[in-house]
Amino acid sequence: MFDQISIVQQIGLTVLLVATVAWVVGLARLLRRDRFEIAIWREAQRAGALPAHLDGIPRQSVPHPIERVELTEEERAAFAGLVRGLNGKR
């Protein structure tokens, strides 16, 4: 390949070149795929469809009982004091 550099340097240069080509090809494929998915998503939006990740998700108007906790009067007072402290009012 080159007369001025050793065989180890030539191997290193070849490995670096192959890694660079693989990275560029992978990046190009990734960008192309994303562009394709975005085009499909935009077309679905124009048609009025929900995105695929939102299809079939039930809507909740009331929180699940496990997600709700009743506070005591002391806890409510402590929380109100905390909110006042965060707002800068004492």
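The values are calculated or read from the model by the stated rules, or taken from the named source; none is laboratory data. As the structure is a computational prediction, the values presented were derived from the model and not from experiment. We place every Cβ from the backbone using ideal geometry, glycine too, and count neighbours over all the protein chains shown. The area values use the complete protein model at the heavy-atom level, side chains included, leaving out ligands, DNA and RNA. Shrake-Rupley method; radii C 1.70, N 1.55, O 1.52, S 1.80 Å.
Brief remarks on what is shown
- If you go through the stretch 16-42 and keep only what is open to solvent by less than 100 Å² (accessible area, probe 1.4 Å) and closer than 30 Å to F2 by Cβ, you end up with V18, A19, T20, V21, A22, V24, V25, G26, L27, A28.
- Residues that are β-branched (V, I, T) and modelled with pLDDT of 90 or more, drawn from the stretch 62-78: T72
- Residue match in the stretch 6-15 (condition: surrounded by fewer than 10 Cβ atoms within 10 Å (Cβ to Cβ), modelled with pLDDT of 75 or more and part of a loop (DSSP other than H, G, I, E, B)): yes
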